[in-house]
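For reference, the structure is listed below as structure tokens.
What follows draws every value from the coordinates through simple rules; no lab data is involved. Keep in mind that this is a model prediction, so the values were computed, not measured. Cβ sites come from the backbone with ideal geometry, for glycine too, and all protein chains shown count toward neighbours.
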Amino acid sequence: MSINLQRIGLIAARDYKAAISSRAFLVGLLVLPVLLVVFAVLVPRILNSPSPQVIGEVALIDSTGKVAPELQHAIVPEEIARRRAVESEQSPLKAVSPGTASGPTIPRMTLVEAPSDTDAATYKSWLIQPRDATPRHLALVVVQPDAVTRRPGAAAFGSYALYASSRLDQNTESTLRNTVRAALIATRLRTDGLDPTAMATVQQVFQPDSIVVGSAGDRSGSRGFAQVLPFACGLLLFIGVMTGGQLLLSSTVEEKSNRVIEVLLAAVSPLELMYGKLLGQLGLGITMTVVYLVMSVFTLAQFSMSGLLDPILIVYLLAFYVVTYLVFGSVMLTIGAAVNQPAEAQALMPPVIILLVGSYSLTGVIGQAPNSTFSVAMSFIPPVNTFAMIARIASSSPPPAWEVWTTLLISLVTAMLVVWFAAKVFKVALLMHGRPPSFGTLIKWARMA
Amino acid sequence: MTAALEIAGIRKAFGDKLAIESLDLTIPQGATYGLIGPSGAGKTTTIRMIMSILFPDRGTINVFGQGSALMAKDRIGYLPEERGSYRKMTVGAFLTYMGCLKGRTRAQAYGRADRLLGRLGLADVNARKCEDLSKGMLQRVQFVAAIINEPELVILDEPFSGLDPLSVRMLKEVITEEQQRGATIIFSTHVMAHAEELCEQIVMIHQGRKVLDEPIAGLRRQYDTRRILLEPLDPGANLLALQALPCVEDVKLNDQGCEVSLHAGMDPGDAVRAIAGVVAPARIELARIRLEDVFIRLVGESNGVHESPEALRTHLQGLSNTGAAA
């Protein structure tokens, strides 16, 4: 049966124009950048925005008699800020503004020492006080006798008990725990005749950016970027396929419910109609992916990081987008042709969505271990393989070219099979009205065609 | 000359339901055929198979000598029974799009659309969105879309359903123009009056079978009329007295007078003279054979059909309200 390419082009162009000028598409196009801005910029700012400083007392029962001076030093806000700054510099994912301490507002805690033989069980009632009492009693720290010097024959040091006020917030408690930890370590070192400041300096290793050495020359790498890239590529693939597929489904349902389908079939064959629609939304998905890629490159260029993005990755991303879209888009198109109302499509969509979301959610795991047996196996099992492979290509340790091409070939064959099956169902389903079909019915229709 | 359409032994079933049992049909180029029968008879299924939207389980369909309508779509204009449009598109854009899909250039499609819209009383709707049109207006636009490509074969499935009398008249005029242009026209209807008015040849389908394939003129000759319409000179005349005449089977009174049914085999000329002898007529005439009567007689005579003539008539008339209005 001959296929008229001009008719396919006309249908594709109409669908493309109708979709790209629709409000739904424009909103969809803006959702991702807005979400990125929210998560990358606004959320950290909101989280780090100054909150009211917690001011209060922390009681200490120090049965060793050695920890109190160190804790007295460690609990000072300036010292807490210094420790945070050091931790931030040592983190693989540095803060947005390197060199500055990030985190919640530092509490101003005053240490109150109780006699070393105080009974903690009795003293803990010190924490119970009226709501508006000042000063606030925040917590009671009870240092165990062997917290600084191990008992003979013991492998580990003792620790401390922490009694907290019912009104103590999580951030202050966390800051207090870190402070007590620092004081205990410093006390243990000093008891062993070591200088805590020297030891801390010895342990400081600031994380450098890696330099990726390749035949094309060296380029600076970023561990954080390498961790995020597979996930971001998977996200682009997911959003492109999901948006294109959903628009394909909704436009087909609309054409069917508007009864325009038979008018179109007066002029074109069912296959021309299907290919035209697939092509139109494919163009739309590519437009969207390209827009996102351009925005990503532009953003990276703002931080002088555009060199981190390998151009071949963009080529592979577009190639994998096409085959993934053909697989999922064809299925969604078939569902659109089979049902009469958008609500009926919801009954058939969950397996498709689960498969798509499941494939996408693997990108994070695969990006972390791109050459594990699981990752390699997933690269060859459709329809997960395109997501798995793009995550591997985007990882810090990309697979050999033959694996990439094999995945592409498998995906292409899968896409052709799915399109073939979809075409069979599409022809029959287009004019079917009445009770919404199940997947079993779709298979029956494919046999009928 | 190659026939516009040749159907040979097609059969179509949907699951257990047999839609078309066996159908043979040849339509020469330039002819106007009416495909008639009650709803559910198989008309739309036949048309969809002609258009290669559905495919027969058995048999062949040739359109202009091609094995499938898919190879001759640009030469066909089709107005489906279930018609729709892109609601958000303007009328002009929709018609141009349909014209381009049917192999015309944008300029050709636009020009033809403009002329036909004017012809159908829609000269000013080009820039309006389809969703802003009334149902009747939209139906006329869809008719324009069907014939935008100046097709050689025009297939119209229930073209007049849902239209007001004025729109029906305008549509009939355009169909007649298409006939004069030389197009082959097939249209399906369950309103027999439309078929009588427009068609040269009638194909009747009932329960998936062709029960008639005759020229209208032949039908009139073949199926002799057995009804006489009488309007008496004296409005108070006793019309029921006519029942006493040997040639009269039944007398039905109406506002103007009465309708006299004759026994089978009676000579209408003798009957007219006999009736005029009993009641002085202001007007007396033989009623023309109605397709409805032919259909009922044929179906009643055929084997395996269990519907009574009254049920068939009710079925046809119940579905032909639009036709009555037209």
- Fewest first, what order do A:SER361, A:SER21 take by the number of other Cβ atoms within 10 Å? A:SER21, A:SER361
- Computed Rg/Rh for the protein assembly as shown (Cα atoms; Rh = Kirkwood radius) stands at 1.24
- Neighbouring partner chain Cβ atoms per residue of A:5-16, average, 10 Å criterion: 2
- Message: Counting C-alpha atoms alone, how compact is chain B: give Rg to one decimal and Dmax as a whole number, in angstrom.
- Response: 22.7, 70
- Item | Expected 222 nm ellipticity per residue - DSSP helices of 4 or more, -39500 (n - 2.57), all of chain B, to 500 | -10500 deg cm²/dmol
- Estimated vicinal HN-Hα couplings, Hz - region A:124-132 in sequence order (Karplus 6.51, -1.76, 1.60; Gly, Pro = x): 4, 5, 4, 6, 8, 8, x, 4, 9
- Message: Counting other beta carbons within 10 Å of each residue's own, what order do A:ASP192, B:ASP213, B:ASP132 fall into, fewest first?
- Response: A:ASP192, B:ASP132, B:ASP213
- Task: Principal axes first, then extents: for the Cα atoms of region B:149-195, list largest minus smallest coordinate on each axis, whole Å, largest first.
- Result: 26, 19, 18
- Mind jotting down the three principal axis lengths of chain A based on Cα atoms? Whole angstrom, largest first. 95, 58, 44
- Over all pairs of different Cα atoms in region A:55-199, the reciprocal of the mean inverse distance gives a Kirkwood radius in Å of 16.3 Å
- Note on the structure: Listed with the fewest Cβ neighbours within 10 Å leading, A:LYS124, A:LYS17, B:LYS252, A:LYS427 appear as B:LYS252, A:LYS17, A:LYS124, A:LYS427
- Query: To the nearest 500 deg cm²/dmol, what mean residue ellipticity at 222 nm is calculated for chain A from DSSP H runs of n ≥ 4 alone, each contributing -39,500 (n - 2.57), summed and divided by the residues?
  - Reply: -20000 deg cm²/dmol
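By Kyte-Doolittle mean hydropathy of at least 0.5 and Cα axial length of at least 15 Å, which whole DSSP H helices of chain A are selected?
Passing helices, by number: A:23-37, A:223-257, A:270-302, A:311-338, A:350-368, A:401-429.
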- Query: Helix B:268-278 versus the longest principal axis of chain B: what angle, 0 to 90°, nearest 10, using Cα atoms?
  - Reply: 50 degrees
